[in-house]
C-alpha cells in the first residue's frame, strides 16, 4: 500500500512539473533518464532476477520505435496507440527470444541477443517505407492540453511508463514468479526438478521485459522528430540497460531505479559539459568497477553499511 | 540481380579468401572462448586495438605485417594481464561469475572502443604497403593482393596453432585444461598458469589478426560491434576449440557473405554472420566439429 501511495505521489509530482514553468531543457534531459529507467527495470526482470544476460535491449527498444513510426505514418495513430502496439510487437519478439532460452544459456544466449540487434537493424536499413539507412523525418502532431510543449507531454508519458515498469518489476519480484525466476538463476536443473515451471517463467520474463523495452522505444521518434537505424539500434542502449541495474543492484526493484537515476544523471551532465563519447566511457568504467569491487551494486554497499553499524 | 555462373564463381573465389581472413580473426577467440570458456566478448575490441597499434607503427614506416608480428609479445603480456584479472575477480569466486564476467568483458569492449575514439577520432584509418591497392590478374578474375596476404597469414596461423596444440607439451596442456580442469589439478599441474599462457597466446594472435584487419580494409573504432557477430559465428559454427573447424567455419561464413553480397547487395551482408550464428545456435549449438 505504501508503495502505491509513493508511486501515485511520484506521478502527481511529475505531472505538476510538466505543466509548471520549469526550463524546457530539464524535460529534454529528464525524459532520457526516465527512458533509461524503464529500460534498466525491464532488463532486470530477465537479467537480474533470472540471470539471463540480454545484450539485445537495443533491438527491443528500436523495434518499439519503428512500430510507433509505422503506425504513425500509416494510420496517423495517436501516441498511446503507438506505445501499446510497440509493447505488443516487442513483447512478441521477447517471446521469440524466450524460445531461444530453451537451448541457450550464459554467453550463448547473450551473443544470440546481439545477433537479433544486427538482423533487425539490417531489415530496417533495407525497408524503404521507414526511410531505410538515411532515416525518416517525423512531423509531430499538435500537443494536447494542458501541456505547453510536446517534450513536456513526452516527459509525463515517460514518467507514467516508468512507474508502470517499476510496478511490474516489483510485482514480479515479490510474487511467486520472482521466487521461481530466482530459483532459475541459482540452478535451472534444481528448479525444474522441484517443480518450478521454468520454461513458462522464462517465456513470461522475456515477453514482459521485451514489451516494456518496446514501450520505452515508442516515444523516441516523437522526441527526436526523426528515426534512423544506426542510432536506434546502437549497442549503447544495451550497455546502459545492463550497466544501470548492475550498478544499482540486481536483486531488488529499486536497484535499476537507483542505477538509472545515478548513471542517467551523470550521463546527461557529461554529455552537456564534455562529450557524448566520454559518456559511453563513463558507463564502461563504472560497470567494470562495480562488477569487480561492489558485486551487489549500490544496494549491496548500502546493506553492508547498515549491517556494519 | 541477374544471375550468372561467372559471377558466382567470382563470389566463391572471393568468399574463400574472405573466409580464411575470418578464420584468422576468429582463431584467438577459438582459443580463449572455445578452449578456455572465457566469455571474451571484448575479443574483437582487442583486435581493433591491434589494428590501431599497427596503424601507428606503420606510420613510422614499418610494414603492417611486420608491425603485427612485433606487437604479438606485447599483446601476449596484455592477454596474461587480462586473464589474471578475470581469474582473480571472477573465476576464483565461482558461483554467479557468469553474469558479471560477461558484464566485465562487455564493459571492457566499450572502454577500448571509446579510448580509441578519444585517441584517434571516429574516422576510418588505413595503412599503406606495396600489396595494398593492387591486384593479381588471373585471366578474367582480379584478386586483390591484400586478400592474398590475409589468406596466407590465416593459413600459417591456423596450421601453426593446430600443430602447437597437438604436438607441443604446453599445447597439449592447454587442451587438457579445456577437457578436464580438476584432473589437471590432481596431476599436480596448475591449471591457472596454463590458462593464463593460453589466453596470452590467444591475445597475441589477435594482434596479428588486427594487422590483417587493417590490411584488408579501413578500420574504425566501432567496428568491433560487427566483428562480435563474425568471430562468434565462426567459433560456434566450428565447434568450440576446434582449430581446423575454425578454418572450415571461416570458409563457410566467407562464401555465404560473399554470395549474399553479390546477389542482394552490401546492405544485407552484415546480417549474414549474425543470421548464421542464430541458426547454428538454434539447430546445432555444439557446432560442426564439436568436442
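Where a number appears in this text, it was derived from the coordinates with a stated rule and is not lab data. Model, not experiment: these values are computed from the prediction. Note: ideal-geometry Cβ built from the backbone for every residue, glycine included; neighbour counts use all protein chains shown.
Along the Cα-to-C-beta direction of residue A:271, a point sits 7 Å from the Cα; which residues of region A:1-40 have their amide N less than 17 Å from that point?
From region A:1-40, the list is A:24-40.
Within 10 Å of each Cβ in peptide B:269-277, how many partner chain Cβ atoms are there on average? Round it to a whole number, please. Don't skip to the end; give the middle numbers.
On the way: counts 1, 5, 9, 3, 3, 11, 4, 1, 7.
For this peptide, the per-residue mean of nearby foreign Cβ atoms is 5.
I want to check the label-to-label distance for residue B:186 and residue A:8. Put each point 7 Å from Cα in the C-beta direction and report it in nm to one decimal.
Going by the 7 Å Cα→Cβ label model, 6.5 nm.
Please average, across the residues of A:232-241, the number of beta carbons from any other chain that are within 10 Å of each residue's own beta carbon, and give a whole number.
Working: counts 0, 1, 2, 8, 1, 0, 3, 5, 0, 0.
Averaged over the peptide's residues, the number is 2.
So what is the relative contact order of region A:162-252, in percent, for Cα pairs below 8 Å that sit 6 or more residues apart? Mind showing how you got there, number by number?
Numbers: 22 pairs, mean separation 17.0, N = 91.
Rounded, it is 19 percent for region A:162-252.
Sorted from largest down, what three extents in whole angstroms do the Cα atoms of region A:2-234 have along their principal axes?
57, 49, 26
Just rank B:40, A:252, fewest to most, by other beta-carbon atoms within 10 angstrom. All intermediate terms of the calculation are to be shown ahead of the outcome.
Values: B:40 33, A:252 21.
In order of increasing Cβ crowding within 10 Å: A:252, B:40.
First measure r as the distance between the Cβ atoms of residue B:74 and residue A:294, then evaluate 1/(1 + (r/R0)^6) with R0 = 35 Å and state the FRET efficiency to the nearest 0.05.
Numbers: r = 31 Å, r/R0 = 0.90.
For residue B:74 and residue A:294, the calculated efficiency is 0.65.
Consider all pairwise Cα distances in region B:51-131 and report the whole-number % of them above 19 Å. Numbers along the way, then the final one.
Values: 1784 of 3240 pairs.
Counting every Cα pair in region B:51-131, those more than 19 Å apart make up 55 percent.
Within a 10 angstrom radius of each residue's Cβ in A:283-289, how many Cβ atoms of other chains show up on average? Whole number is fine.
On the way: counts 4, 10, 5, 1, 8, 11, 1.
Mean shielding by partner chains, rounded to a whole number: 6.
For region A:173-309, what class follows from the C-alpha gyration tensor (a ≥ b ≥ c being the square roots of its eigenvalues): rounded when a/c is under 1.5, otherwise prolate if a/b is larger than b/c, else oblate? Please report the intermediate quantities before stating the final value.
Details: a/c = 2.46, a/b = 1.30, b/c = 1.89.
Because a/c hits 1.5 or more and a/b fails to exceed b/c, region A:173-309 counts as oblate.
At 7 Å along the Cα-to-beta-carbon direction for both residue B:169 and residue A:305, put a label point, then send me their distance in nm to one decimal.
So the two model labels end up 5.4 nm from each other.
What is the packing order of peptides B:275-288, B:217-230, A:265-278, taking the mean over residues of other C-beta atoms within 10 Å and listing the highest first?
Working: B:275-288: 17.8, B:217-230: 20.9, A:265-278: 14.9.
For the peptides B:275-288, B:217-230, A:265-278, the packing ranking is B:217-230, B:275-288, A:265-278.
Inverting the mean 1/r over all pairs of different Cα atoms, compute the Kirkwood radius of the protein assembly as shown and quote it in Å. Can you show the working numbers first?
Numbers: mean 1/r = 0.0399 Å⁻¹.
It is 25.1 Å.
log₁₀ I(q)/I(0) of region B:142-291 at q = 0.09, 0.16 Å⁻¹, via Debye over equal Cα point scatterers, no solvent, to two decimals?
Normalising to I(0) and taking log10 leaves -0.34, -1.01.
Hey, rough spin-label estimate for residue A:175 and residue B:283, points 7 angstrom out along Cα→Cβ, what's it come to in nanometres?
3.8
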